[in-house]
Structure formats: C-alpha cells, structure tokens
Amino acid sequence: MALLLPWMAGAALLGAFLPAARLTILLGQGFMVGQVLVVLVLLAVHALGLGVSFLPGAVALTVVAFASAVTWWARTNRVMPSWPGRSAGWHLLWLIPLTWFLFERGTVLAGELALRPLYAWDAWMNWAPKAVVWFNHATLTPFVSPADWLQAAPGEPVYTLGNWRAAEYPPGVPLILLWMMLGAGSADHTLIYLPWFLLPVSLALALWGHLRNRSAAPWLAALAVYAWLSQPLPGIHAALAGYADLWLAVAFCLGAMALDEWQSTGCVRYAALALVMALACSLFKIPGLAMAGILLVAAVILVARPSIRVLATATIIVAACLVAGLIAGMWPGLWVQGDTPTELGLPGTLPTLRIEPSPLLPYLWESLFVQANWHLLWLLVLGSLGLGLVDRGSAILRSIPLLVLFAGSGFLLFVFGFTHYFNQAVNGVTFNRAILFLAPIAVYVAFGQLVPWFQRSPDSDESGA
C-alpha cells in the first residue's frame, strides 16, 4: 500500500485533471505527483499536531485516489485506452527486445536493491537519519546545526548530523523514506527503498508518452526508453537507494516535458503540472531551487512568447560568455586580483559562492566523453542538435525543453567552472552526480530533435498509450 497507493492517487488525480492524456503519461507523471502528495500530506499531518503515522496519510491518499478516479471516469466514460487496431499491431514488435532488456536489467537492479543494506554515504549521512528519527519519535523532530544542538536544553528532542548542513536540506527524500518505513512498520528493511527502483521506470513511461505525442514512431520512442534506462550512473542511483539526485533529475525532466505539452497543445493545465514538478525540485535538494527557477522562467517565456531573434541573441550571448570564461579559466592567473576572492552571497541558508574561474574544460571532457557514466548520451545530444540546426536552423530554439537543457547546463557550468565548487569537479563524484540532473531531459531533447527526421507513418498506433 505504501508503494502503490501514492502512485494510484497521483495517476488518478492527473487523469481527472488531464482526461485526454495518454495512459503512459498519466502513469509516468503520476508517480512523481503521488510522491509530492505523500510529502505534503505528512507535512500537513505534522502541522495539525496529529503526529506521524501511516493511517492518516493512507486515508487521505485513498480519498484522493477514489474521488479522482470517479471524476476521471465521469469525464471520459472510460479508464483504460482502447486497444490499437490491427494496422498498428506490428509496432508492438519493437517492444519485444525492449521488454526483454527491461526484464533483465530490472531483475539485476531489484536484486541489488533487495540484497544490499543502506550503503550510499549521502543516504546515511544526510537523508536516512532524519527518516529513522522521525519514525521512532512518530513526529518530525527538528534537526539543527551542531552549535544549536549544543545550546539546547538537556532532554530537548533536537538532533544534529555529521554533515551539519544536512539539517537545512529540503525534507522531500526523508519524508518519502519515512512513508515507506511507516507502511513497513520498520526503519530497517531494504524493501523500503523500492521507490528508487520505480523512479526511472516512471520516467521511462512518461518519456514514451510524451515522445509519442511529439509524433515519434514507436521504434524511436523505444530507443529513447532504452537510452534512458541503459545509462550506468542513473542505474547506480536506482540500486544504491538513499540519494536525492535521481529524484531531482526526474522531477526536472518531467517539468520540462509538461511545459513542452503546454507549448504544443496550448492546454494550460500542463502549466500547473510543471509548477508541481518545480515544487518537487525544491523539495528534494538545494540545487533544486535553481532547477525550479529554470522551470518557472521557462513558463514565463512561454507566456511572453519572445521572437526567435530575441531567443537566439540571448542564447548566443550567454553561451559565448560561458565559453569565453571556461577558456580563460584554463589560465587562472589571468583572473587572480589579490588574495581575497570575490564572494557572491545567496539568501537564506544557501551557501556563499566564491568566484574563482577554474580550468574545468578537461574535467568536463573526461566526464562527458571519456568516463563510462553516460554511454554515448552526450554524443547523441550533440549529433541530434546538429541535425536540428541543419533541418530547422535557429527555429530549434522554439523548443522549450531545449532551452531548459541549455539553462540547466549553464547553471552547472557556472557553479563548477566559476566558483569554489570546482574542487568537487576534480574528483568527478559530485560533478557527475550534478550532470545526472540533466541526463533525463537530455534524452528527451535528443530524441525530440530526431523526430522530424523519422516521422511516423500514417497507420501508427493511436491507442492512447
């Protein structure tokens, strides 16, 4: 129930809200919507002073699921899409090798998840301790900095963490873990990490549905699903539960795909879905605030509808500044002006950034094109963008997911190439985890650019899946 009830509630709620959407989109986007519902319900239960337990949350999600399903059925008079006609049946052949791959890879990842105890450093230093404490106290016990913990009165129920900044991290991932613990009645079991296993699966469903809406042939959409699920680093994050990076990556991509649907169909309800995904980004990690901001700016662009010339000029200027800065960063001595670096103070609990242009380019090249984290993803992205430029020129900038990918890439290049976070790019770990934020949307953009080159045939599947 803890695993499937949020998914059912999220998919049914989307079905009531977007009754004409494909089933794969409802299931893919609905998984993340359900997790956001879990987080909001647990926060609301705590705010009402009811304590934290499984029953109130389960009742709330059941009510949402039932009411949404009834509304969905009333609006469409059907719940399942019609079966594809005979003329489209041959397209299902493309699903046979994909299904076999999913079965083989899925069993390996599920086995890793089920057999390995909580392992990842970030999980047991940042996220899981909060969930364990909350589970045992049956309330959202506050976490504070070590200094505040030392000042607390004896016996006061406050906690701190070895990574003291984690006390200020968003609550999304610990609350998802807490929900699974409440459902299992235990804080120590590998099956409570199953949402990490289903997360890339849900994105694969959404990726298929959104690409099919963009007129992608079934075989091309199947290749996109394979390109996503076969990547090594996302697979590692699905099997090594507890990290928050994969959650942010999927929410960011789902938000961009929702904006793409809004741009293509004019249905403003997809804008609301994109806002939900922006909220999800902000709930998972501190960098998620930037990703949420990018989604909001993209929504403003869709409303303002600037001309291609304005978009092209802005993109060229930003790209030129980044490239020039990265090239100049290969000679850090050109930038040094005294012993005190320039600092960029950020509001609230956000870290202060020391502006230190650094030689990021060799590490960027190694991460994207040499190491084995991404297969050939970034070569595919560059090649597909080249084809798009040849076919449509600057008109490719009308694609809002492409602009979102550009903005996300610019954000990461600035953080790791122009601030003290360059030190985290040297070891490759944090840097590649940050690149993971862009991997799902990169797959969607790459195959979206290929769609015009392989338009589907007139007898393709229109089943609604």
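Key figures for this structure:
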read-out	value
Residue in the stretch 266-287 that is aromatic (Phe, Trp, Tyr), farther than 30 Å from residue 356 by Cα and in the same structural domain as residue 191 (by TED's automatic domain parsing) present	yes
Selected residue [modelled with pLDDT of 95 or more and closer than 24 Å to residue 248 by Cβ] from 445, 415, 429	445
Residue pairs meeting the criteria (Cβ under 7 Å; at least 6 apart or on separate chains; first assigned by TED's automatic domain parsing to the domain that holds residue 20, in the stretch 54-74; second open to solvent by 60 Å² or more (accessible area, probe 1.4 Å) and not basic (Lys, Arg))	56/50; 58/1; 64/13; 65/8; 68/13; 72/79; 73/79
Residue count for the stretch 236-261, restricted to those that are touching a Pro at 6+ places or on another chain (Cβ under 9 Å) and either open to solvent by 10 Å² or more (accessible area, probe 1.4 Å) or over 15 Å from residue 439 (Cα atoms) (or both)	3
Selection within the stretch 396-410 - open to solvent by 20 Å² or more (accessible area, probe 1.4 Å) and at pLDDT 95 or above	403, 406, 407, 409
Test result for residue 42, open to solvent by less than 70 Å² (accessible area, probe 1.4 Å) and without any contact (Cβ under 8 Å) to a residue 60 or more places away in the chain	no
Qualifying residue in the stretch 102-114 (condition: open to solvent by less than 60 Å² (accessible area, probe 1.4 Å), closer than 14 Å to residue 177 by Cα and hydrophobic (A, V, I, L, M, F, W, C))	no
Filter result (within 18 Å of residue 414 (Cα to Cα) and either surrounded by fewer than 13 Cβ atoms within 10 Å (Cβ to Cβ) or at pLDDT 90 or above (or both)) within the stretch 327-342	327, 331, 334, 336, 342
Residue that is within 13 Å of the chain's Cα centre (by Cα), open to solvent by 10 Å² or more (accessible area, probe 1.4 Å) and small (Gly, Ala, Ser), where the choices are 264, 202, 282	282
Filtered residue count, the stretch 139-172, keeping only those that are in a loop (DSSP other than H, G, I, E, B), more than 29 Å from the chain's Cα centre (by Cα) and of a type in the set (A, V, I, L, M, F, W, C)	3
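Here is a yes/no grid of residues against (1) of a type in the set (Gly, Ala, Ser); (2) assigned to a helix (DSSP H, G or I); (3) under 17 Å from residue 441 (Cα atoms); (4) at pLDDT 95 or above:
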position: 260; (1), (2), (3), (4): no, yes, yes, yes
position: 267; (1), (2), (3), (4): no, no, no, no
position: 273; (1), (2), (3), (4): no, yes, yes, yes
position: 291; (1), (2), (3), (4): no, yes, yes, yes
position: 299; (1), (2), (3), (4): yes, yes, yes, yes
position: 311; (1), (2), (3), (4): no, yes, no, no
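The values are calculated or read from the model by the stated rules, or taken from the named source; none is laboratory data. Quick caveat, the model's predicted, so the values are computed rather than measured. Note that each Cβ is placed from the backbone with ideal geometry, even for glycine, and that neighbours are counted across all protein chains shown. When the accessible area is computed, the model is the full protein with side chains, heavy atoms only, and any ligands, DNA or RNA have been set aside. Shrake-Rupley method; radii C 1.70, N 1.55, O 1.52, S 1.80 Å.
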